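Presented below is the structure to which this report refers.
The values are calculated or read from the model by the stated rules, or taken from the named source; none is laboratory data. Keep in mind that what you see is a predicted model, and the values were worked out from it rather than measured. Positions of Cβ are generated from backbone atoms using ideal geometry, with glycine treated the same way; all protein chains shown enter the neighbour counts.
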Amino acid sequence: MSSILTTTPACTPNLLYLEDLTIPDGTVVEPGKLLDKRWLVENNGSCNWDDQYSLTLLVGPNLGAPVEQALFPARSGTQATVRILFTAPEEPGMYRSAWQAQDSQSNLFGDPIYVDIIVQSP
């Protein structure tokens, strides 16, 4: 009698950026203002996103947000809204904070998403 070992093939995660839903690039904001940034993305990989997936700060300031965020659960082939709450810096200037999805082994995947703001002088 022989046994056949079968394994489930590993899935491939991916994230496709579709559009900014709030705070378009270059938005002028007041110092210290709470910013509710939302992006429309598509899970166009073969993995379903669950609590093993997250967003991590890729480059730039975290703008008051935790450097790791839960990634909204989404089945493969569906769209999702990704949301991060930021706080504008007190110092005037241009700021860009870029984030990318990662799996449970901290492997980055998909399109980076970012918030791009200009803090006005008081």
Next on the checklist: If I go through segment 82-99 residue by residue, how many of them are surrounded by 13 or more Cβ atoms within 10 Å (Cβ to Cβ) and either in a strand (DSSP E or B) or in contact with an Asp or Glu (Cβ under 8 Å, 6 or more places away or on another chain) (or both)?
Outcome noted: 12
Checklist entry - Does any residue in segment 96-107 that is closer than 21 Å to TRP39 by Cβ come within less than 8 Å, Cβ to Cβ, of a residue that is small (Gly, Ala, Ser) six or more places away or on a different chain, and which pairs are these? => result ARG96/GLY60; SER97/GLY60; SER97/ALA65; ALA98/GLY60; GLN100/GLY110; ALA101/SER54; ALA101/GLY110; GLN102/SER54
Checklist entry - Any idea how many residues of segment 52-68 are farther than 15 Å from ASP116 by Cα and modelled with pLDDT of 95 or more? => result 7
Checklist entry - What is the one condition in (1) surrounded by 12 or more Cβ atoms within 10 Å (Cβ to Cβ); (2) more than 21 Å from ASP116 (Cα to Cα) that ALA10 does not satisfy? => result (1)
Item to check | Pair list, Cβ < 8 Å and 6+ apart or interchain, from segment 14-29 residues that are more than 23 Å from PHE109 (Cα to Cα) and without any contact (Cβ under 8 Å) to a residue 60 or more places away in the chain to residues that are exposed (fewer than 13 other Cβ atoms within 10 Å of the Cβ) and not charged (D, E, K, R) | outcome: none
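Considering only residues of segment 37-74 that are acidic (Asp, Glu) and in a strand (DSSP E or B), which is surrounded by the fewest Cβ atoms within 10 Å (Cβ to Cβ)? Walk me through it before giving the result.
Here is the first cut: in segment 37-74, the ones acidic (Asp, Glu) are 42, 50-51, 68.
Imposing the further condition that a residue be in a strand (DSSP E or B) reduces the set to 42, 68.
Details: GLU42: 18, GLU68: 14.
Among those that are acidic (Asp, Glu) and in a strand (DSSP E or B), it is GLU68.
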